[in-house]
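Visitor: Take a look at this one; I'll ask things after.
Taken together, the values in this text are just the output of simple stated rules run on the coordinates, not laboratory data. Every value quoted in this text rests on a predicted model; they were computed, and no experiment measured them. Every residue, glycine as well, gets a Cβ built from its backbone with ideal geometry; the counts of neighbours run over all protein chains shown.
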Amino acid sequence: MTSDIGKLPAGFVRLWTAQTVSSLGDGVTHAALPLVALTLTRDPMALAVVTAAGTLPWLLFGVLGGALVDRWDRRRTMWVADAARAALLGVPAAAAVLDVLSIPLLAAVAFLLGLGGLFFDTAATAYLPDLLDRNPALLERANSRLRGAQTAMSGFAGPPAGSALLALGRSVPLLADAVSFMLSALLVRTLPAMPRPLPEAARESLLRQARAGASYVFRDRVLLGLALRPAVGNVAFLAVETVLALFAHERLGIDSYGFGLLLAAEATGGLLGAGIASYLGRRLGTGTALTCTAAVEGLAILGLAATPNPYLAGLTLAVCGAGMGATMVLAPSLRQAIVPAHLMGRVASTSRMLAMCAAPIGAFLGGWLATTYDIRTPLYAAAGLLLAMTAVTASMTSNRRVEAALTQVAAPDLL
């Protein structure tokens, strides 16, 4: 899948720059929005509403959003979504200046930002294969760069910048994110236009198109395997994330600063994994590489559960992050290479929706296991889930199936 890597086109450089700038803004808002909410209330449920509001669009409109993206011009969808998000952030910024900011307003803004993110992310995922002529090697290389930039900006640079900007005023980080969205929109507008896939399909029922996209995922063994990984993975990782701060304090004996270092170790591993994903795909084959990275994630969480040493805990999280980083390059690249252009938005949004729906299950599972048993039980359960998922999906995304999918010509009656 990764032979004959060529040069990425100039259009990709502009897309990469746009998403890098936008990711920096996302990191700023990701840190600042909960802190802004904290200036208004100390009610945990109210804070949870603001956090949860951003994920609701994927749960409510994920597949329908993908169907709309498959109807619309994808470049236009991206820049309009970012321009709309830039304008939207002006509302809470103005409310903060006028001292009329409220939790319901922040929740509404988080929801609409999530809706804009749904359309932008789905359109970008569908646009990239057309930009790179569905070249599997270029897709891996491009996704590696996109994933690395996203991790660096939203995971490392953005959150501390958001916290620092908040010290200058509640409106400042929101305006900074608005600027990042506007810059992204301007850059995306300069991208080359791509033909709208099957424009005549826009006359069909939206619900019928959405069902066709979802059924395409469930009928295809490779795509189903690729969708199950993040879905089961989110159950496992949210179970860990729910109790990780408490685990770090009680089991590892580290303070808030040390907990930040643990998260930084995981993000560092993610950068490394994204960087070596293409190499792993070339050496092992994409299918085997995906199986190995999934197994590494499960074993790393198992090691985390067993260790009382904070340094070893940081190492296991870095290893887990590396597995996740490589998976999040290899899996989308494979999906983009094998899915027909007219189905790309629906397939991508269906997979993302499954992953998003799984997250609350994992959070509840982690809290229940920690309460019923002990603080390490959610980690052992998460490791078991990840290893079981690895065994189940190994044959679904084997090298043989992957190569067959890459060489198969999609029949026109699969819509």
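Visitor: Roughly speaking, what is the stretch gain from ALA108 to ASN399, that is 0.36 nm per residue apart minus the C-alpha to C-alpha distance, in nm to one decimal?
Guide: On the way: separation 291, 0.36 × 291 = 104.76 nm, distance 4.47 nm.
Full extension from ALA108 to ASN399 adds 100.3 nm.
Visitor: Most fluctuating residue of ASN143, ASN135, ASN309 in a GNM of the chain with Cα springs under 10 Å: which is it?
Guide: ASN309
Visitor: Over the chain, what is the mean sequence separation of C-alpha contacts under 8 Å (at least six apart), divided by residue count, expressed as relative contact order in percent?
Guide: On the way: 699 pairs, mean separation 110.6, N = 415.
Computed over the chain, the figure is 27 percent.
Visitor: Can you give me the orientation-averaged projected area of the convex hull built on the Cα atoms of the chain, in nm²?
Guide: On the way: hull surface 76.8 nm².
Projected area, direction-averaged: 19.2 nm².
Visitor: Go ahead and set up a Gaussian network model of the chain, Cα springs under 10 Å, then flag whichever of LEU186, LEU112, LEU302 fluctuates most.
Guide: Comparing LEU186, LEU112, LEU302 in a Gaussian network model of the chain, the most mobile one is LEU186.
Visitor: Additional query: First check a/c for segment 158-270, with a ≥ b ≥ c the square roots of the eigenvalues of its C-alpha gyration tensor; if it is under 1.5, answer rounded, and if not, answer prolate when a/b is larger than b/c or oblate otherwise. All intermediate terms of the calculation are to be shown ahead of the outcome.
Guide: Numbers: a/c = 3.10, a/b = 1.37, b/c = 2.26.
In terms of gyration-tensor shape, oblate.
Visitor: Would you work out which of VAL63, LEU33, PRO159 lies farthest towards the positive end of the dipole of the chain? Charges go on Cβ: Lys and Arg +1, Asp and Glu -1.
Guide: Result: VAL63, furthest along the dipole toward the positive end.
Visitor: Place a label point 7 angstrom from the Cα of THR407 along the Cα-to-Cβ direction, then list the residues of segment 98-136 whose backbone nitrogen is under 19 Å away.
Guide: Of the residues in segment 98-136, 135-136 have backbone N under 19 Å from the label point off THR407.
Visitor: Quick check for me: using +1 on Lys/Arg Cβ and -1 on Asp/Glu Cβ, what's the dipole size of segment 146-294 about its Cα centre, in debye to the nearest 20? Write out the running numbers ahead of the final one.
Guide: Details: 13 positive and 8 negative charges, 135 e Å.
Rounded to the nearest 20 debye, it is 660 debye.
Visitor: Could I ask something else about it? Taking the Cα-to-Cβ direction at VAL100 and at THR307 and moving 7 Å from each Cα, how far apart do the two end points lie in nm?
Guide: Between VAL100 and THR307, the label points sit 5.3 nm apart.
Visitor: Given axes a ≥ b ≥ c from the Cα gyration tensor, I'd like to know whether segment 254-302 is rounded (a/c under 1.5), prolate (a/b larger than b/c) or oblate.
Guide: Values: a/c = 5.98, a/b = 2.11, b/c = 2.83.
In terms of gyration-tensor shape, oblate.
Visitor: Oh, and also: For segment 275-415, what mean projected area does the convex hull of the alpha carbons give, in nm²?
Guide: Working: hull surface 39.2 nm².
Mean projected area for segment 275-415: 9.8 nm², to one decimal.
Visitor: Taking all pairs of different Cα atoms in segment 122-199, averaging 1/r and flipping that mean, what Kirkwood radius in angstroms comes out?
Guide: Values: mean 1/r = 0.0667 Å⁻¹.
In segment 122-199 this quantity evaluates to 15.0 Å.
Visitor: What number, in percent, do you get for the relative contact order of segment 252-338 if the mean sequence gap of Cα pairs under 8 Å and at least 6 apart is divided by its residue count?
Guide: On the way: 109 pairs, mean separation 41.1, N = 87.
It rounds to 47 percent for segment 252-338.
Visitor: Output the Kirkwood hydrodynamic radius of segment 30-113, Cα pairs only, in Å rounded to one decimal.
Guide: Numbers: mean 1/r = 0.0710 Å⁻¹.
Result for segment 30-113 stands at 14.1 Å.
Visitor: Then there's this: Let's test the formula: R0 of 41 Å, r as the Cβ-Cβ distance of TRP368 and ALA167. What FRET efficiency results, to the nearest 0.05? Please list the in-between numbers first.
Guide: On the way: r = 38 Å, r/R0 = 0.92.
That gives a FRET efficiency of 0.60.
Visitor: Further, regarding this structure: Given the DSSP H assignment, sum -39500 (n - 2.57) over each helix run of at least 4 residues in the chain and divide by its residue total; what's the result at 222 nm in deg cm²/dmol, nearest 500? Kindly include the intermediate steps, with their values, before the conclusion.
Guide: Values: 16 runs with 330 residues, N = 415.
Rounded to the nearest 500, the figure is -27500 deg cm²/dmol.
Visitor: Separate question: Report Rg(Cα)/(2.2 N^0.38 Å) for segment 298-348, keeping two decimals. Walk me through the numbers on the way to the answer.
Guide: Working: Rg = 16.4 Å, N = 51, 2.2 N^0.38 = 9.8 Å.
Ratio of Cα Rg to 2.2 N^0.38 Å: 1.68.
Visitor: Please give the net charge around LEU252, taking every other residue with its beta carbon less than 15 angstrom from that of LEU252, where Lys and Arg add +1 and Asp and Glu add -1.
Guide: Values: positive: ARG251, ARG376; negative: GLU250, ASP255, GLU266, ASP374.
Neighbour charge sum, excluding LEU252 itself: -2.
Visitor: Compute the Rg/Rh shape ratio of segment 1-143: radius of gyration over Kirkwood radius, all on alpha-carbon atoms. Can you show the working numbers first?
Guide: Working: Rg = 17.8 Å, Rh = 16.8 Å.
Reported Rg/Rh (Cα atoms, Kirkwood Rh): 1.06.
Visitor: May I pose another question? Just to confirm a number: summing +1 for Lys and Arg and -1 for Asp and Glu over residues other than ALA214 whose beta-carbon lies under 13 angstrom from that of ALA214, what do you get?
Guide: Working: positive: ARG208, ARG211, ARG219, ARG346, ARG352; negative: ASP70, ASP220.
Summing Lys and Arg as +1 and Asp and Glu as -1 gives +3.
Visitor: So which residue, out of ALA31, ALA306, ALA185, gets the largest mean-square fluctuation from a GNM of the chain using Cα contacts under 10 Å as springs?
Guide: Most flexible of the set in this elastic network: ALA306.
Visitor: Given 0.36 nm per residue, what is the gain on full extension from THR51 to LEU246 after removing their alpha carbon distance, in nm?
Guide: On the way: separation 195, 0.36 × 195 = 70.20 nm, distance 1.97 nm.
Fully extending the segment from THR51 to LEU246 adds 68.2 nm.
Visitor: If we count every other residue with Cβ under 11 angstrom of VAL319's Cβ, Lys/Arg +1 and Asp/Glu -1, where does the sum land?
Guide: Working: positive: none; negative: GLU266, GLU297.
Neighbourhood net charge equals -2.
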